[in-house]
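The values are calculated or read from the model by the stated rules, or taken from the named source; none is laboratory data. Here the structure is a predicted model, which means the values were calculated and not measured. Note: ideal-geometry Cβ built from the backbone for every residue, glycine included; neighbour counts use all protein chains shown. The accessibility values were calculated without ligands, DNA or RNA, using every heavy atom of the protein model including side chains. Shrake-Rupley method; radii C 1.70, N 1.55, O 1.52, S 1.80 Å.
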Amino acid sequence: MKEVGKIWMNGKLVPFKDAKVHVLTHALHYSTSIFEGIRCYDTPSGSAIFRLPEHLDRFFKSAKLYSMKMQFTKKEISDAIIKTVKASGLKESYIRPLAYYGYGTMGLTPTENKVDVSIACWEWKMGESKAGKFSGAKCKMSSWMKIDSRSQPMQAKAASNYANAALARMEALENGYDEAIMLNSHGNVAEGSAENIFVVKDDIIQTPPLSAGGLEGITRDSVIQIIEENSGFVIERDLERDDLYSADEIFMTGTAAEVKSVTQVDKVKIGNGKMGNITKALQKSFSDVVMGKDERFLPWLTFI
Ligand code: PMP
């Protein structure tokens with residue numbers, strides 16, 4: 001990682017290399033942290049953060065679900081995000097706000113410890129989302145079951161959810177795939193390891209309801225709104241593995257992935273094995289929206 005700019009820690013911008021925590025930080029031991037992943041795009045009218053208020057809302061909701069007493073208001077975090085991005089000098093970046101139970105009392109109960117907040121941003125690199133963006137990702141049905149809200153609050157974007165996701169991702173990569181798709185405890189499709197999922201069959205776009213265990217993705221919501229604004233619709237229904245194998249097109253959505261095509265699930269080719277037309281059209285519409293080229297969605301951009 002390129003160590004550029006500064007990292008905001010509890011109200012102060014500190015040099016990138018000095019943004020450190022104590023090894024007895026509660027979250028390091030017990031996974032008691034929540035975070036966000038946000039993108040800042042280099043649009044023709046300047047740098048703009050995509051759907052910042054929605055990300056802030058989810059950040060605070062995640063904190064609430066872990067009983068975190070935030071020392072900062074939404075407005076203060078919003079201002080801090082903008083300050084951090086500006087200090088980085090980057091036109092385009094990935095932004096990572098994090099709230100975690102910090103260093104204090106050791107032991108399981110976190111609530112006696114202060115909730116520390118940091119905001120980092122770094123240069124955006126295509127990385128893992130590249131496969132699906134251009135050529136179509138090859139996905140493996142994970143042997144790991146998606147954890148669900150009987151165990152942990154799934155509406156929280158919490159670090160603890162990501163051990164499950166990382167196991168699925170590692171298994172997929174170790175087996176020569178690009179990404180994992182996870183089933184929930186009912187055998188229905190939940191989501192990818194870090195993306196929501198959509199299936200197209202006979203021109204009907206479908207996605208699992210959030211009750212299937214996927215994160216309430218902001219890109220998922222954006223894509224649904226873009227489709228509806230263009231006079232289309234998306235059906236939310238439980239999807240089974242069969243629905244994936246027999247789909248005409250599959251795509252995944254996420255802040256990092258944007259709209260990424262899936263052209264293979266296990267050893268099964270999806271459709272003709274190439275990126276589908278609906279996926280391609282959505283990639284274009286989404287790109288226009290984040291680049292500020294679609295006036296209808298300009299309110300989603302916070303120019304900095
Ligand atoms: N599901 C999971 C598990 C994720 O980590 C992400 C990425 N944040 C998503 C879905 C997509 O969410 P969003 O569109 O808000 O990035």
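Would you work out what percent of the accessible area of the chain, with all protein chains in place, is carbon or sulfur (probe 1.4 Å)? Please list the in-between numbers first.
Values: 7380 of 14090 Å².
That share works out to 52 percent.
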Apply the Karplus parameterisation 6.51 cos²θ - 1.76 cosθ + 1.60, with θ equal to phi minus 60°, to every residue of region 162-167 and state each ³J(HN,Hα) to the nearest whole Hz, in sequence, with x for glycine and proline.
-> 8, 5, 4, 5, 5, 4
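May I ask you to list the trypsin sites (Lys or Arg not before Pro) in region 244-294 that are in a DSSP loop and have at most 13 other Cβ atoms within 10 Å of their Cβ?
267
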Kindly report the accessible area of region 6-125 per residue (heavy atoms of protein chains, probe 1.4 Å, no ligands, DNA or RNA), in Å².
-> 47
Shape of region 104-180 from its Cα gyration tensor (a ≥ b ≥ c, root eigenvalues): rounded if a/c is under 1.5, otherwise prolate when a/b > b/c, or oblate?
-> oblate
Give a residue-ordered list of calculated ³J(HN,Hα) values for region 262-268 (Karplus: 6.51 cos²θ - 1.76 cosθ + 1.60, θ = phi - 60°; whole Hz; x for Gly, Pro).
-> 10, 10, 8, 10, 6, 9, 9
How high is the FRET efficiency from residue 57 to residue 288, r the C-beta distance, R0 22 Å, rounded to 0.05?
-> 0.35
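Treat every Asp and Glu Cβ in the chain as -1 and every Lys and Arg Cβ as +1, leave all other atoms uncharged, and give the resulting dipole magnitude about the Cα centre to the nearest 20 debye. Intermediate results must be reported in sequence, preceding the final value.
Values: 39 positive and 38 negative charges, 204 e Å.
In debye, rounded to 20, the chain gives about 980.
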Separation of the residue 3 and residue 204 label points, Cα + 7 Å toward Cβ, nm = 5.5
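Over the chain, what is the relative contact order in whole percent, taking alpha-carbon pairs under 8 Å and six or more residues apart?
Reported relative contact order: 19 percent.
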According to the square roots a ≥ b ≥ c of the eigenvalues of the Cα gyration tensor, what is the shape class of region 6-125, taking rounded for a/c under 1.5, prolate for a/b larger than b/c otherwise, and oblate for the remainder?
-> prolate
Counting only C-alpha contacts under 8 Å and six or more residues apart, can you give the relative contact order of region 135-215 as a whole percent?
-> 33
Filter on 74/284; 2/284; 140/280; 140/293; 2/130 - keep pairs with C-alpha separation over 26 Å = 74/284; 2/284; 140/293
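How much length is gained on full extension from residue 295 to residue 76, taking 0.36 nm per residue of separation minus their Cα-Cα distance? Don't skip to the end; give the middle numbers.
Values: separation 219, 0.36 × 219 = 78.84 nm, distance 2.83 nm.
Gain in length upon complete extension: 76.0 nm.
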Computed over region 129-290, the relative contact order (Cα-Cα under 8 Å, seq sep at least six) in percent reads 26
Would you be so kind as to identify which of 212, 277, 257 lies farthest towards the positive end of the dipole of the chain, taking Lys and Arg as +1 and Asp and Glu as -1 on Cβ and the Cα centre as origin?
-> 257
Sparse-neighbourhood loop sites, trypsin sites (Lys or Arg not before Pro) in region 59-155 - DSSP loop, at most 16 other Cβ within 10 angstrom = 69, 91, 114, 125, 150
With the Cα gyration tensor of region 184-272 giving a ≥ b ≥ c as the square roots of its eigenvalues, does the rule (a/c under 1.5 for rounded; else a/b larger than b/c for prolate; else oblate) give rounded, prolate or oblate?
-> rounded
